[in-house]
Amino acid sequence: MEAVATGGAASISSEAAKGIFQEAKRHIRYVIFYQRYLKNFEDKLQKLIEKRSSVQQDIVVAERNVEKIKPDVQGWCHRVDKAIAEEETNTVKVFQVKAEDKCFFGLCPSIKSRYRFSRKVEKDATTFDDLIKECQFNGVGYRDVPEATVHTDFETFKSREKLFSDIMESLKDSTTTMIGVYGMAGVGKTSLVKEVSRQAHEAKIFDSVVMVIVSQTPDIQKIQDQIAESLGLKLEENTLVVRARRLCERLKKEKRVLIVLDDLWKKLDLEEVGIPLGSAHKGCNCKILLTSRNQNVLSNEMEATQTFSIGDLDEEDAWGFFKKMAGDCIESADLRPTAIEVANRCARLPLALATVAKALRNKSLFVWKDALRQLKKPYSGNSSEISAVVYSAIELSINYLPSDDLKQTFLLCSLLRRDTTIEYLLRYAIGLDLINGVNTLEEARDSLLTMMGIFKESCLLLNSNNNEKCFDVHDLTYIVAKSIASEDNQVFALQKEDVLTDWPNEESMKKLNKICLPYPSINRLPDQLNCPQLFLFLLFSKDDSQTLSDDFFKESTNLKVLDLTYMQFSSLPSSICLLTSLSTLCLDQCKLGDNITIIGELKSLEILSLLKSDIRILPKEIGQLVKLKLLDVSWCAKLTTISDGVLSSLTRLEELYVGGTCIQWGQSSTASLTELNTLSRLSTLEVQIPDALAAPQDFFQE
């Protein structure tokens, strides 16, 4: 028994000795191999810095897309920045200096200093490694439902206070599910329901408020998308029925939601849209607020529970509003009588009063007298679309814009309306030479925004309800502007709901300078566009059967702006090379393949946009566009190659958009990021770089 015990004790002693030896060995390594620990520390630090840089690039892209940064990403960045900042305080450098000190008259290393140094860098390297491993984010940002824009310019009229109060009380009534507001065009229905919606949301009557413009020809899919987007829902289904079911289920989850359907012309099938209402959806807290020019649409076709009529202003409100818009100068003894006559000509309609007053604000008496004479002129247009009073009022405001450039730019705004962003308006305006006295795109953008401010101050232009990057024009203003632009048959414009069966006759076509066709239904396209005076041609079509013949542009060689969004090409028409005056070319979301070398012959091009097209290669011929100021190939998902030398050839380039592509920078026959350093005028760059190490060392420097 004693021998066994002695043997067991010897075994334990041996294991203990081995453990002590291993521990001593590890500590000795700290002293001998301190350079290895330093190298590992430096490698981990560099890798962490690269990871942080890569995440920061993703954050910048997310923020540009108005995304919020995820909390775990923010936390990781904070910890990394803190770790890197601590290293930058030179704590490790201090330890390193001490580790390299000598003792015993410089004959021996400082064992204690080396030991402490190695332990320090090992600990920091482990921290860096843990942070690197944590960097496993599935995207850095997320989209949140934006807060509704507060409508702050609502005009309070004493004669409408009771109407406003009655509508608010009706919204609070649990037995009322659908409310309608009707009145003639220009009377202020939209402004009223916007303010009602805002106050109802602020008063917590509803948790969510959604506003949608229905228009004369409802687009069910677009209505569904607008409602869904306001609720943070993404509808990815294709069929309307399935989309409606998804939207309906989402709306049922809302405690109290108000849906405003503005500008109804006929019955809208709520079930087809996906709006839960009626006995089939018991317990649903969804309420509908409608506006229309026709009471019958609201009462009989939509079966609204209550309807409210909004009429013109009383005399006191009308004069007070007109005076506020025109300024107190109209109270002067010599101007007041004429101003009263002018105001009376506006028939007490807010739209007419505002546009005329703004146009004449601070003008001389002779200008007012001339305006009164114009307002008295008979109107021979279609009285079913617009009254003579409103037509004359809007026409006067457009005619009184201070310069022809402003007038032409506004008429362009009116033709484009709500489907166009401010950025595309800029591209068209530059192509048409409507912005003068500027040297750069940035200056042109500032000038255009200034113009749009003037239009809004004149009550001619509206903010878009659904997109802050877009603009809108009142239906009546559009009618007048289109009529003015179409004088002498110079403009041919259709809207999405229009059906084109016959083109204008040959003589009319020869006089046209603008053709604007955003998504109309077109029976056929001509073999040749025989429009020698044409400057602008816009055709947006998702109809695969619509094709352009090779000779399509043969008789339209003066074109300055060409936009063929959504078109499907086996190859671009060969006659496009004849457009030697073309300044702006947009082929967004087109099927182009790789047959775009012909674009290189358009030597006058300043703006080229191929956004979301299916191109795979940007060929070397694009480098011949030496006047190009803006190139947009963003979100071309198949684009992998920009031919070597193309970017460096575009020496006048100011804005380059290549985000959302699969470009392999710097590989064989592909452009390198170094080329961008040669573009001295480049002020805006959107680029996605999968490998940050592929960028030049000074690429990310200011």
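The figures follow:
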{"item": "By average C-beta atoms within 10 angstrom, highest first, the peptides 290-296, 234-240, 203-209, 188-194", "result": "188-194, 290-296, 203-209, 234-240"}
{"item": "Ranked list, fewest to most other Cβ atoms within 10 Å of each Cβ, for K123, K70", "result": "K123, K70"}
{"item": "Those aspartates and glutamates that a straight Cα-Cα span of less than 14 Å connects to K469, excepting residues fewer than 8 apart in one chain", "result": "D419, E423"}
{"item": "Most to least packed among 331-342, 453-464, 648-659 [average Cβ atoms within 10 Å]", "result": "648-659, 453-464, 331-342"}
{"item": "Using distinct alpha-carbon pairs, which all enter the 1/r mean, Kirkwood radius of the range 158-309 in Å", "result": "15.6 Å"}
{"item": "Cross-link reach list, aspartates and glutamates versus K377, counting only Cα pairs under 12 Å and skipping chain neighbours closer than eight places", "result": "E395"}
{"item": "Karplus (6.51, -1.76, 1.60) ³J(HN,Hα), θ = phi - 60°, over the range 264-270, in Hz, Gly and Pro reported as x", "result": "7, 10, 7, 4, 10, 6, 5"}
{"item": "The range 463-541: GluC sites (Glu not before Pro) in DSSP loop, at most 15 other beta carbons within 10 Å", "result": "E468, E497"}
{"item": "Å³ per residue enclosed by the Cα convex hull of the range 483-619", "result": "102 Å³"}
{"item": "Surface/4 estimate of mean projected area, convex hull on alpha-carbon atoms of the range 305-430, nm²", "result": "10.6 nm²"}
{"item": "Length-normalised contact order for the range 547-702 - Cα pairs under 8 Å, 6+ apart - percent", "result": "15 percent"}
{"item": "Lysines with Cα under 18 Å of K253, excluding same-chain neighbours fewer than 8 positions away", "result": "K204, K234, K282, K287"}
{"item": "Net charge dipole size for the range 310-411 [Lys, Arg +1 and Asp, Glu -1 on Cβ; Debye, nearest 20]", "result": "260 debye"}
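None of the figures in this text is laboratory data; all of them are computed from the coordinates on show. Model, not experiment: these values are computed from the prediction. When we count neighbours, we look across all protein chains shown, and the Cβ atoms used for this are built from the backbone with ideal geometry, even at glycine.
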